[in-house]
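Q: Shown below is the structure under consideration.
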Amino acid sequence: MKVLVIGGGGREHAICWKLSQSRSVDKIYCCPGNAGIAQIAECIKVDQHDFQSLLDVVKYEWVDLTIIGPEDPLSRGIVDLFEKEGRRVLGPTKAGAQLESSKVFCKDLLRSHGIPTAEYQVFTSYLHAEEYIKFKGAPIVIKADGLAAGKGVFVASTIEEAFDALRIIMKDRAFGAAGDKVIVEECLQGEEASFMAFTDGKTIVPMVSSQDHKRIFDNDKGLNTGGMGAYSPAPILTPELEKTVMEKILEPTVRALRSEGITYKGVLYAGLMIRNGIPSVLEYNCRLGDPETQPVLSRLKTDFMEIAMAIAEGRLADIRIEWLPDPAVCVVISSKGYPGQYRKGDVITGLDKAQELEGVQVFHAGTSFRDDTVVTSGGRVLGVTATGKDIGAAKARAYEAVQKIHFDGMHYRKDIADRALKRP
Ligand code: AMP
Ligand code: GLY
């Protein structure tokens, strides 16, 4: 079979890598892909926003299944269009993707179905929001309703910070129409974890757990990023807690969506806050996490194409999904300046040496070719991922591989997975 993957980050490289091991996949296309993906797939330079050209690729190349990596095309209805054209596709429709593209939709759905999440109010008026913040006091969380590339959430420790956030969203309109509505939300305490599951809208199959590292510097200092590293499993998600998350959160969410007429197909990613063993939803994403996918798919034993086809065809209940026991750790290497303005075009060396190490996979994110040389072309450049007999061994291998790689201005955190190692 032929499969098309849309996107060009570390997540999509991990997806293509997994597909390349499938017995039933003969050919992988990726739009637009990156320098790493180009080694296992045919990369076609089509923008992820250009649905008509993507559809042309599917038609002219006889693609059997399209897998959508990022949230943006999902939230703009790529699945609706492909399904209308009779094409097999993996991901939720525009209505389902609202779980991520509208925080108000998500919170209202959770609240009206009694699914645990922070208390909140929605505002379209700046003055009313300001009054509510004064009434509630700090700490408090301010969120823009729409997609804001991960920058639309402000955890304010003082009232002044909360007013600043409100101004940025509603007056400066830093996120445009995504800030037409704001959510003012109770600030939850506890430990965060990511919980991803496959679903065809009826059956839900959890993936192994994982944890992201959002801040740019060690010890969770500095600005928020797309994610600087991840590991799997996350020890905080014990088997009992996973059962609770399935019963109290994921299953009711899929049922709630169905009651709204939405058959949600694809990946459901719940960002959770866990306190005293009790989980609440911080947010939902409508796709695989990046970089969580890199360690999670490194542990997948079952043929990924088989899972993808089962979801797209609504028969997930018929297959058994198995995982490898060895943990995995992914260390992201970023460009100088990221998550602010970053440099591009630096030559990357040592990729082969890193890749040769046992249990190591170097997933590319922001890379491209300049002639035959691999150069940096994005903020997050590589996701160096390793498995090992325990988290400590996986971490040691990942960092050994990182040491082999070089480009000017490269940055990485040195404490990925320490959180798991330090747990009692
Ligand atoms: P979100 O995009 O909603 O996950 O928010 C991004 C990050 O903001 C989360 O990963 C949390 O670290 C933080 N956050 C979001 N909502 C809350 C909340 N209600 N209480 C505390 N922290 C939050
Ligand atoms: N790593 C967080 C995300 O994919 O949204």
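The values are calculated or read from the model by the stated rules, or taken from the named source; none is laboratory data. All figures in this text were calculated on a predicted structure; none of them were measured in a lab. All Cβ positions, glycine included, derive from the backbone under ideal geometry; neighbour counts span all protein chains shown. Note: accessible area is taken over every heavy atom of the protein model, side chains too, but ligands, DNA and RNA are not part of it. Shrake-Rupley method; radii C 1.70, N 1.55, O 1.52, S 1.80 Å.
Q: Within the chain, what whole-number % of the accessible surface is contributed by carbon and sulfur, with the 1.4 Å probe and all protein chains included in the calculation?
A: Of the solvent-accessible surface of the chain, carbon and sulfur hold 49 percent.
Q: Work from the charge dipole of region 326-424 (Cβ charges, +1 for Lys and Arg, -1 for Asp and Glu, about the Cα centre) and give the residue of Thr387, Gly340, Ala398 farthest towards its positive end.
A: Looking along the dipole axis, the top candidate is Gly340.
Q: Along the charge dipole of region 140-281, which of Ala177, Ala149, Asn224 sits closest to the positive end, that is, farthest toward it, with unit charges on the beta carbon of Lys, Arg, Asp and Glu (+1, +1, -1, -1)?
A: Going by the Cα projections, it comes out as Ala177.
Q: Putting +1 on Lys and Arg Cβ atoms and -1 on Asp and Glu Cβ atoms, find which of Ile37, Leu300, Gln52 reaches farthest to the positive end of the dipole of the chain.
A: After comparing all options, I get Leu300.
Q: In percent, how large is the relative contact order of the chain, given Cα pairs closer than 8 Å and 6 or more residues apart? Kindly include the intermediate steps, with their values, before the conclusion.
A: Numbers: 993 pairs, mean separation 68.4, N = 424.
RCO, the chain: 16 percent.
Q: Over the Cα atoms of the chain, what Rg and Dmax result, in angstrom?
A: Here Rg and the maximum Cα pair distance are 20.8, 60 Å.
Q: Another one. For region 1-107, with every protein chain kept in place, what is the accessible area per residue (1.4 Å probe, Å²)?
A: Working: 4060 Å² over 107 residues.
Counting only protein heavy atoms, the per-residue value for region 1-107 is 38 Å².
Q: Hey, what do the phi angles of region 23-35 turn into as Karplus ³J(HN,Hα) couplings, whole Hz, using 6.51/-1.76/1.60 and θ = phi - 60°, x for Gly and Pro?
A: 5, 9, 9, 9, 8, 10, 10, 9, 10, x, x, 7, 5
Q: Evaluate the charge dipole of the chain about its Cα centre and quote only its size in Debye, nearest 20, assuming +1 on the Cβ of each Lys and Arg and -1 on the Cβ of each Asp and Glu. Walk me through the numbers on the way to the answer.
A: Values: 53 positive and 57 negative charges, 48 e Å.
Once rounded to the nearest 20, the dipole reads 240 debye.
Q: Can I ask one more? I'd like the Karplus ³J(HN,Hα) series for region 205-215: coefficients 6.51, -1.76, 1.60, θ = phi - 60°, whole numbers in Hz, and an x wherever there's a Gly or Pro.
A: 10, x, 8, 5, 6, 7, 9, 9, 10, 7, 7
Q: Tally Lys and Arg at +1 and Asp and Glu at -1 over the other residues with C-beta under 14 Å from the C-beta of Gly179: what net charge comes out?
A: Values: positive: Lys103, Lys143, Lys151, Arg167, Lys171, Arg173, Lys181; negative: Asp145, Asp164, Asp172, Asp180.
Net charge in that neighbourhood comes out at +3.
Q: Let me ask something additional. How much area per residue is accessible in region 138-252 when the probe is 1.4 Å and only protein heavy atoms are counted (Å²)? Present the calculation step by step, with values, prior to reporting the outcome.
A: Numbers: 4810 Å² over 115 residues.
Roughly 42 Å² per residue, with all protein chains present.
Q: So how exposed is Glu85, as accessible area in Å² (1.4 Å probe, rounded to 10)?
A: We get 80 Å² for Glu85.
Q: Here's another thing I want to ask about it. Just want to confirm a number: the relative contact order over region 223-331, from Cα pairs under 8 angstrom separated by 6+ residues, in percent.
A: On the way: 114 pairs, mean separation 37.0, N = 109.
Reported relative contact order: 34 percent.
Q: Could you compute the net charge surrounding Thr124? Neighbours are other residues with a C-beta less than 11 Å from the C-beta of Thr124; K and R count +1, D and E count -1.
A: Values: positive: Lys181; negative: Asp145, Asp180.
Surrounding charge for Thr124 is -1.
Q: Using θ = phi - 60° and the Karplus form 6.51 cos²θ - 1.76 cosθ + 1.60, what ³J(HN,Hα) does each residue of region 67-72 get, whole Hz, x for Gly and Pro?
A: 10, 9, x, x, 6, 4
Q: Any idea of the accessible area per residue across region 313-424, 1.4 Å probe, to the nearest Å²?
A: 49 Å²
Q: Mind checking which of Lys171, Lys265, Lys336 has the largest fluctuation in a GNM of the chain, springs on alpha carbons under 10 Å?
A: Judging by the Gaussian network model, the answer is Lys171.
Q: Which net charge results for the neighbourhood of Val58, defined as the other residues with beta-carbon distances under 14 angstrom from its beta-carbon, given Lys and Arg at +1 and Asp and Glu at -1? Walk me through the numbers before you get to the answer.
A: Values: positive: Lys2, Lys27, Lys59, Lys84, Arg87, Arg88; negative: Glu42, Asp50, Asp56, Glu61, Asp64, Glu83, Glu85.
With Lys, Arg at +1 and Asp, Glu at -1, the neighbours total -1.
Q: Same structure again: For Cα pairs less than 8 Å apart in space and 6+ apart in sequence, what is the mean separation divided by the residue count of region 52-125, i.e. the relative contact order in percent?
A: Worked out over region 52-125, it gives 23 percent.
Q: Taking a 21 Å limit on the Cα-Cα distance, which of the listed pairs Lys2/Lys45; Lys59/Lys301; Lys103/Lys214; Lys151/Lys221; Lys45/Lys344; Lys301/Lys404 fall beyond it?
A: On the way: Lys2/Lys45 18 Å; Lys59/Lys301 31 Å; Lys103/Lys214 19 Å; Lys151/Lys221 16 Å; Lys45/Lys344 18 Å; Lys301/Lys404 28 Å.
From the list (Lys2/Lys45; Lys59/Lys301; Lys103/Lys214; Lys151/Lys221; Lys45/Lys344; Lys301/Lys404), the Cα-Cα distance tops 21 Å for Lys59/Lys301; Lys301/Lys404.
Q: With just the Cα atoms defining each centre, how far is region 371-424 from region 262-336? Give it in Å.
A: 20 Å
Q: Continuing with this model, one more query. Kirkwood hydrodynamic radius (Cα pairs, Å) of region 257-356?
A: Working: mean 1/r = 0.0570 Å⁻¹.
Value: 17.5 Å, from the Cα pair sum.
Q: With every protein chain left in place, what is the accessible area of Arg167 in Å² (1.4 Å probe, nearest 10)?
A: 90 Å²
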